[in-house]
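Before any comments, here is the structure.
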Amino acid sequence: MKMTVMTMTMMTDELLPVEKAAKKLQKKQKMDDARAEAELQTNILETEKYVLPSGQEIEKESVQPADLTLVQQRIKEVLVVLGDFVNRREENRKRKDYLSQLKSDLCTYYSYNEFLMALLMQLFPLTELVEFLEANEAQRPVTIRTNTLKTRRRDLAQALINRGVNLDPIGKWSKTGLVIYDSQVPVGATPEYLAGHYMIQSGSSFLPVMALAAQENERVLDMCAAPGGKTQYIAALMKNTGMLFANDANKDRSRAVVGNLHRMGVTNCVVSNLDGRKFPKVMTGFDRVLLDAPCSGTGVIAKDPAVKTNKDCKDIQRCAHLQKELLLAAIDCCDAKSATGGYIVYSTCSITVEENEWVIDYALKKRNVKLVPTGLDFGQTGFARYREHRFHPSLKLTRRFYPHTHNLDGFYVAKFKKITNTNPKPKANDEDEQEDATEVIAEEVESSSGDDAESTPAGGQSTVKSKLKTGEKKTKEKKRLATAQTGAKTKGKKKVTTAQAGATRPGSVQDSRKAKVFKKGGRFKGKAGAKPKKFGTKK
């Protein structure tokens, strides 16, 4: 032990002054690092519990112009708290308090109305929701589609590069699309555009036509065709053979279809102006049908920011109802006995479940169709389960596209195969009736209550519940009356049959009475089941 101490002392004495100073600095640095770490841990403990703003602070913010920097910072902090809610939440605060504050801040920062923001919060996880909202603030890249009836993509790309256009192929999933980053000339006014060598079209609009996969010499219907981009793509896939019908309910937009088809060199198309819901009464027997249904446009907010504020529950319900009618009409137009087809493709530029999965599930119940793979090798699968709702398991074959994951407009694509041309027998489904009644009542309440609903929200809810209960009572009463009438008719028939059998029984009193009357040339006026009078008796 003495030898070890002596050795250490000798080594310390042998160190140079510079080395001794360096050792002291190292010790001091370690002590400073330990103090800094302790202070950091203390600060984390103090700040890890985010405190929500009080009611007075919220009132002050509502009066003054919103400080977007403060709102953005609060959004980030609330998201952190919700990510580790058990450890970071403030005492006596519930999760719904943080969600309510987050919804209010997101509406303020991104300029959405509360209805649409609440719908998006149900659709996406919170971290993915912010990515979706940020993606809607940026414009999608300009994309064009090569018209293969007139040129090839390679030749078109070279011609545009020579004119000062910076472009690239859109991706491996498309053989005709090009992405334009910047251009020294207007893309919609080049000689190539005027000659019909390409069409300015969003990348997501390629998808339903690719899923339809029209073949040569087929009869194809595009039920909602305007402005004609998808129709021309179908004609290019068919190589101007067969017969293509382009229909649109809007007469002015139908003119745009005609102009685009002439410019692109389509010669196998007939353009019509008719309500798509009435088309099965005019013509059926198509090999393939494409329905790009009108929708709320929640997938193209980057193109139309007005969707953020002008859409409500009524608009979503109205669109969903129209889409159901159009989809059933499209299925009725298709021929299940087609040798090459029998397919229907349904697509929307909306991301709401009410306009997509609910409509598809409704069609599966009302028509003899089944879902088949779309043929698109990317995109997220559709919802077979959404919150408390359960849809048909085959809905996983449908495809969803989002701007923050695929850099495309929000889109939904589903593909049906028609099994038979006959429709299934309607079943007494109380749920469908109740759902329709709920939608009608909700519309009536919204239109009638107006400002009163805002001033008395509890009263508005009770009104809806009371009306729903009244509707259910009326339905039950109708069913009870129908059952009673059916039972009464059956019972009456049984009585008449029994009475007639008893009256015509051989040897009965009434039978002998009838014979006497007929012998005299008279008519028997006795009622069936009446007690016969005894002859030869005096009062």
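The values are calculated or read from the model by the stated rules, or taken from the named source; none is laboratory data. Here the structure is a predicted model, which is why all the values come from computation and not from measurement. Note that we place each Cβ from the backbone using ideal geometry, even for glycine, and neighbour counts take in every protein chain shown. We work out accessible area using only protein heavy atoms, side chains counted, and drop any ligands, DNA or RNA first. Shrake-Rupley method; radii C 1.70, N 1.55, O 1.52, S 1.80 Å.
So here's what we get for this one:
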| read-out | value |
| --- | --- |
| Residue check, Val359 among the β-branched types (Val, Ile, Thr) and closer than 27 Å to Asp315 by Cβ | yes |
| Hits in region 352-378 - residues which are closer than 24 Å to Cys334 by Cβ and within 16 Å of the chain's Cα centre (by Cα) | Glu355, Asn356, Glu357, Trp358, Val359, Ile360, Asp361, Tyr362, Ala363, Leu364 |
| Residue check, Leu119 open to solvent by less than 40 Å² (accessible area, probe 1.4 Å), within 17 Å of Asp409 (Cβ to Cβ) and out of contact with any Leu (no Cβ under 7 Å at 6 or more places or on another chain) | no |
| Where Val130 falls short, out of the listed (1) in contact (Cβ under 8 Å) with a residue 60 or more places away in the chain; (2) of a type in the set (A, V, I, L, M, F, W, C); (3) within 18 Å of Thr309 (Cα to Cα); (4) open to solvent by 30 Å² or more (accessible area, probe 1.4 Å) | (1) |
| Qualifying positions in region 31-78 - open to solvent by 60 Å² or more (accessible area, probe 1.4 Å), modelled with pLDDT of 65 or more and of a type in the set (Lys, Arg) | Arg35, Lys60, Lys76 |
| Residue identified as surrounded by fewer than 17 Cβ atoms within 10 Å (Cβ to Cβ), touching a helix residue (DSSP H, G or I) at 6+ places or on another chain (Cβ under 6 Å) and farther than 23 Å from Gly299 by Cβ among Ala195, Ala159 | Ala159 |
| Pair list, Cβ < 6 Å and 6+ apart or interchain, from region 137-163 residues that are more than 29 Å from Thr405 (Cα to Cα) to residues that are outside any helix (DSSP H, G or I) and open to solvent by less than 30 Å² (accessible area, probe 1.4 Å) | Leu149/Gly265; Lys150/Gly196; Lys150/Gly265 |
| Residues of region 346-367 classified as over 28 Å from Lys425 (Cβ atoms) and open to solvent by 10 Å² or more (accessible area, probe 1.4 Å), total | 1 |
| Region 202-221, subset among the polar types (S, T, N, Q), open to solvent by 20 Å² or more (accessible area, probe 1.4 Å) and in contact (Cβ under 8 Å) with a residue 40 or more places away in the chain, residue nearest to Val266 (Cα to Cα) | Gln215 |
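Residue by residue, here is whether (1) modelled with pLDDT of 95 or more; (2) within 28 Å of the chain's Cα centre (by Cα); (3) surrounded by fewer than 20 Cβ atoms within 10 Å (Cβ to Cβ) holds:
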position	(1), (2), (3)
Cys224	no, yes, no
Pro227	no, yes, yes
Tyr233	yes, yes, no
Phe245	yes, yes, no
Asp252	no, yes, yes
Arg255	no, no, yes
